[in-house]
Each structure stands twice: as structure tokens, then as C-alpha cells.
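Novice: Sharing a structure, written as C-alpha cells. Questions coming.
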């Protein structure tokens, strides 16, 4: 286990996950270099204790970067998935990852590890099948997106860098991600079961998402894909029931599958089923702070 202070490059630095990861890195004594397209906005959000760059070209080849956490990527939710938007999803992930690998290639001293974002979307729609990291992808768009994303990150392994692929589920936290709109809809009695509600929706508390990233940074024997999901998966119906109960509201609405299909390919965000399990995270000794959905929701809603 490596716990000495290091210099960590974080991409997607103004995003939801990085917003908690960066303070955690600083709190333990690491230095952070943040890649952000809008440096002024990033400075206002992240504070004065980190270095901000708007291009990886700003980093000299002699610069020492001990590790990279690559979290960049345009959000998938919101708006229809036109061909142009789907290409932006790919470009925002693959191109940034390619730029990270290009930086690694020109650095005189290579980072020890690249922790690169991915998603459980890698597995596609898999029904009730329990998904571990060895399971194969499908030919659906989200699966193909993750395959391209991961393949680009794995190029860093040819440079002698340990690569960890973070296949993340729905990340639940107070100030971002999917949970706040779900809480808002439930507060007004508008929480809904989507389709038949039997689709599995892997989730993880933001604290555990950050905890797993730190675990990957600190344990040099871990590499390859890892499911960043809680060990107790839930169906979409069970998720909405837990939210409704925590908010003391009814759950009476249901949005039929045909209605959701009107959103086109974006309906996959709501309807596909992925019973992903954190097999390798548990094997690697990570101890979840919030393995149970209801306890995680309680901690977020009523801290």
C-alpha cells in the first residue's frame, strides 16, 4: 500500500465525482493538478490550493505526475441522443483519454497508475445475470462507448503504467448526479416506477466512489476493470420505493415502457438491466461505508 504524498492529475475536475475526490486528496497531503476547460470557473469551485491547467500541453515533459485520475466525459442524461450528440459522448471520453495517454508518453517519469473512468454500461442490457468484471460487452451504444473508452486508457499499459478501469454505476450524493432530481420528484409525489421496474440499477454512494478511487491509487497490485458499485444491487422499483419511504411520500406513478421508448436510445438509461457486483473491489479488500441503499439514502437525505 502506497500512502506517501503524491502529485495527482485529475481530469473532469469540475465534475460531480471530482468535487469530492479533490478535497479528499488534499486532505491526505497529496498535491492536485486539475484539468478543466474553464480555469476561472474551476478556480472558483476548487479553491486556491490546487494547480489548474486548461490543456495537458501546459505540462512540461519534466513534470512529475505520480498518478492520473481520468474522469472527463459529457453527461449522458438530458436531451435526445442524436448522432451528433452520441459522437460528443465518444469524443469527450476517448479524446480526453487519448490526450492523457499522449501526456504520459512524453513525460520523462511515467505515472505509477492511471485510474480511468468507465461505466457499468460496458455490459449492456443483461437482465438478471450477475455481472462480474470478466463478463463481456454487448453491441449496444453504451457498451460500445465504454469499450472505446477503456481501450484508449489501456494504451497506457504499453508505457509501463498500471491501468485501472472504473466501471461506475449510478453515483448517489447530495450535490450532483441523478439523486437530487429523483428526490425532488419524490418530494412532490411524482416519483415513478419506470417500465416494469424489475431492471437492476447498480448504484454507489459518492463516499464509496471516492474511497474506491483512493484504494486503487494506493494499492499497486490492482489493475484492469473494477465495478464501482455497492455490493447490494437493487431494482429500479426497489430504488424508487426506498426513496419514497425516506421522503415519506407515496409511490404510485408508473411510466410504461412504450412511453419511455419515445425518448429513443436515451431510454436505455432508464430501462436496461445490469446486476453488476463489486467482485474485485471486495476481493481487493475495499470496505464499503454504505453497502445498503436505505442507509446510504438516509445519510444523504438526513445527514
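Nothing in this text is a laboratory measurement; each read-out follows from the coordinates by a stated rule. Worth saying up front: this structure is predicted, and the values here are computed from it rather than measured. Reconstructed Cβ throughout: ideal geometry from the backbone, glycine too, with neighbour counts over all protein chains shown.
Novice: Could you work out the equivalent-ellipsoid semi-axes for the stretch 155-272, taking the square root of 5 times each eigenvalue of the Cα gyration tensor, largest first, in whole Å? Before the final figure, lay out each step's value.
Specialist: On the way: eigenvalues 216, 59, 24 Å².
They are 33, 17, 11 Å, listed from largest to smallest.
Novice: Tell me whether the chain comes out rounded, prolate or oblate; compute the Cα gyration tensor, take square roots of the eigenvalues as a ≥ b ≥ c, and use a/c under 1.5 as the rounded threshold.
Specialist: Details: a/c = 1.69, a/b = 1.56, b/c = 1.09.
Prolate, because a/c is 1.5 or more and a/b exceeds b/c.
Novice: Comparing 36, 105, 44, which has the greatest mean-square fluctuation in the GNM of the chain with Cα pairs linked when under 10 Å apart?
Specialist: With Cα springs under 10 Å in the chain, the top fluctuation among 36, 105, 44 is at 44.
Novice: Moving to a separate point now. Could you tell me whether the stretch 32-118 comes out rounded, prolate or oblate from its Cα gyration tensor? Rule is a ≥ b ≥ c as square roots of the eigenvalues, rounded for a/c under 1.5, then prolate if a/b exceeds b/c, otherwise oblate. Write down the numbers at each step before the final one.
Specialist: Values: a/c = 2.36, a/b = 1.45, b/c = 1.62.
Oblate.
Novice: While we're on this one: Apply the a/c threshold of 1.5 to the C-alpha gyration tensor of the stretch 213-303 and tell me whether it is rounded, prolate or oblate. Provide the component values of the computation, followed by the final result.
Specialist: Numbers: a/c = 3.12, a/b = 1.51, b/c = 2.07.
Because a/c hits 1.5 or more and a/b fails to exceed b/c, the stretch 213-303 counts as oblate.
Novice: Something else: Please compute the contact order of the chain in relative form: average sequence separation of alpha-carbon pairs under 8 Å and at least six residues apart, divided by the residue count, as a percent.
Specialist: On the way: 590 pairs, mean separation 56.8, N = 303.
19 percent.
Novice: Expressed in nm to one decimal, what extension gain is obtained for the pair residue 134 and residue 28 from 0.36 nm per residue of sequence separation less their Cα-Cα distance?
Specialist: Numbers: separation 106, 0.36 × 106 = 38.16 nm, distance 3.29 nm.
That works out to 34.9 nm of additional length.
Novice: Moving on to the next point. Please quote Rg/Rh for the stretch 76-177 to two decimal places, taking the Kirkwood radius as Rh and restricting both calculations to Cα atoms.
Specialist: 1.00
Novice: Just to be sure I understand the model, the point goes 7 Å from the Cα along the line to the Cβ. What's the resulting residue 49 to residue 301 distance in nm?
Specialist: Taking the simple label geometry, residue 49 and residue 301 are separated by 3.2 nm.
Novice: So between residue 283 and residue 148, what do we pick up on full extension, going 0.36 nm a residue minus the alpha carbon distance?
Specialist: Values: separation 135, 0.36 × 135 = 48.60 nm, distance 2.65 nm.
Full-extension gain reported as 46.0 nm.
Novice: Right, next: If you take the beta carbon distance between residue 77 and residue 262 as r and set R0 to 22 Å, what does 1/(1 + (r/R0)^6) give as a FRET efficiency, to the nearest 0.05?
Specialist: Values: r = 16 Å, r/R0 = 0.72.
It comes to 0.85.
Novice: Further question on the same structure: Helix 141-154 against the longest principal axis of the chain: what's the angle in degrees, Cα atoms only, rounded to the nearest 10?
Specialist: Here the helix axis deviates by roughly 20 degrees.
Novice: Can you give the extra length, in nm with one decimal, that the chain gains between residue 85 and residue 102 once fully stretched, where that is 0.36 nm per residue apart less the Cα-Cα distance?
Specialist: Details: separation 17, 0.36 × 17 = 6.12 nm, distance 2.51 nm.
So the extension gain works out to 3.6 nm.
Novice: Post the alpha-carbon centroid distance, the stretch 237-303 to the stretch 1-58, in whole angstrom.
Specialist: One Cα centre to the other: 29 Å.
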